Amino acid sequence: MVLRVLDVETTGTDPAADRIVEIAAVDLDQNGKIASMMQNLCNPQRTIPPQASAVHHIIDADVATAPPFSEIAHKYDGADIYIAHNAAFDRGFVEPTLGAKTWICTMKCALRIWPDAPGFSNQTLRYWRGHVTPFDHPRESVKPHGALSDAIVTGALFFDLLKAAEFSDLKRWSAEPALYTTFAFGKHRGQRFDAVDQSYLRWIVDKSDLDADTKFSARHWLNKAKETA
């Protein structure tokens, strides 16, 4: 089975309007190591906004002679399972070309396994879990918001998660909405879902226009309360 960790850097956050400027992938073996690595700059065939360059530090001149993603996409096809941190973002950019794939989202799984982590970004989890030199790559060579560096970090987190849960659980959690333990917004920011008034959770489920992840989480904690009542 080919496990492929994938990461993209883009011109923005909307797959309908934005395009890939860099893609990278690392394949993982059964011994907890990297089996192979790939990396490509991609010409988005549009100007890279300065806000995007400020994140990944890729500018128009860097990709002027690079092929568009459509021309090199085949190199990244063919894995059995794709792995990404916040996989919804990456799959939104690659699946229109590669087709539907099976994904494991390390962010969704981290929310389940490490609910009390200080944060759930790739780099926060990297240092919290002690992956200073993931797969023995020097720290200075694994820089945030480089597609290959982020893929390497995600691979290390995946193997960390796999020590704490079954592979089938990681797949199932990744296919479901994200499960939050703590509010990251509003008057209950910083409080646990299971510590706030249940009427507020019912309002979230039944009447709010909040996102599917928040509604799913509220419903989950309401059901948990019923089980323990």
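Quick notes on this structure:
- Total residues in region 1-40, condition of a type outside the set (Ser, Thr, Tyr), within 20 Å of the chain's Cα centre (by Cα) and part of a strand (DSSP E or B): 21
- Among the residues of region 204-214, those that are under 20 Å from Cys109 (Cβ atoms) and surrounded by 11 or more Cβ atoms within 10 Å (Cβ to Cβ) comprise Asp211, Asp213, Thr214.
- Test: residue in region 15-27 that is out of contact with any His (no Cβ under 6 Å at 6 or more places or on another chain), surrounded by fewer than 15 Cβ atoms within 10 Å (Cβ to Cβ) and farther than 27 Å from Pro134 by Cα: yes
- Beta carbons closer than 7 Å, at least 6 apart along the sequence or on distinct chains, pair a first residue in region 179-200 that is among the aromatic types (Phe, Trp, Tyr) with a second that is part of a loop (DSSP other than H, G, I, E, B) for Phe183/Arg189; Phe183/Gly190; Phe183/Gln191; Phe193/Tyr180; Phe193/Thr181; Phe193/Phe183.
- Restricting attention to region 209-229 and to residues that are small (Gly, Ala, Ser) and modelled with pLDDT of 95 or more, the residue that is nearest to Arg112 (Cα to Cα) turns out to be Ser217.
- Residues located in region 59-101, provided they are among the charged types (D, E, K, R), assigned to a helix (DSSP H, G or I) and touching a residue at least 60 places away in the same chain (Cβ under 8 Å): Asp90
- Among the residues making up region 115-170, those that are crowded, with 17+ Cβ neighbours inside 10 Å, of a type in the set (D, E, K, R) and closer than 29 Å to Arg192 by Cβ are Arg126, Arg129, Asp160.
- Number of residues in region 205-229 that are assigned to a loop (DSSP other than H, G, I, E, B), of a type outside the set (S, T, N, Q) and either in contact (Cβ under 8 Å) with a residue 24 or more places away in the chain or closer than 21 Å to Ala88 by Cβ (or both): the value is 3.
- Every residue from region 82-92 that is out of contact with any helix residue (DSSP H, G or I) (no Cβ under 8 Å at 6 or more places or on another chain), buried (at least 19 other Cβ atoms within 10 Å of the Cβ) and either more than 17 Å from Gly155 (Cα to Cα) or not basic (Lys, Arg) (or both): Asp90
Per-residue answers, yes or no, for (1) crowded, with 16+ Cβ neighbours inside 10 Å; (2) in contact with a helix residue (DSSP H, G or I) (Cβ under 9 Å, 6 or more places away or on another chain):
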| site | (1), (2) |
| --- | --- |
| Val55 | no, no |
| Val63 | yes, no |
| Glu71 | no, no |
| Gly99 | no, no |
| Lys108 | yes, yes |
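- Scanning region 42-58 for residues that are under 25 Å from Gly155 (Cβ atoms) and in a loop (DSSP other than H, G, I, E, B) yields a total of 3.
The values are calculated or read from the model by the stated rules, or taken from the named source; none is laboratory data. On a predicted model such as this, the values are computed, not experimentally measured, just so you know. FYI the Cβ positions are ideal-geometry reconstructions off the backbone, even for glycines, and counts take in every protein chain you see.
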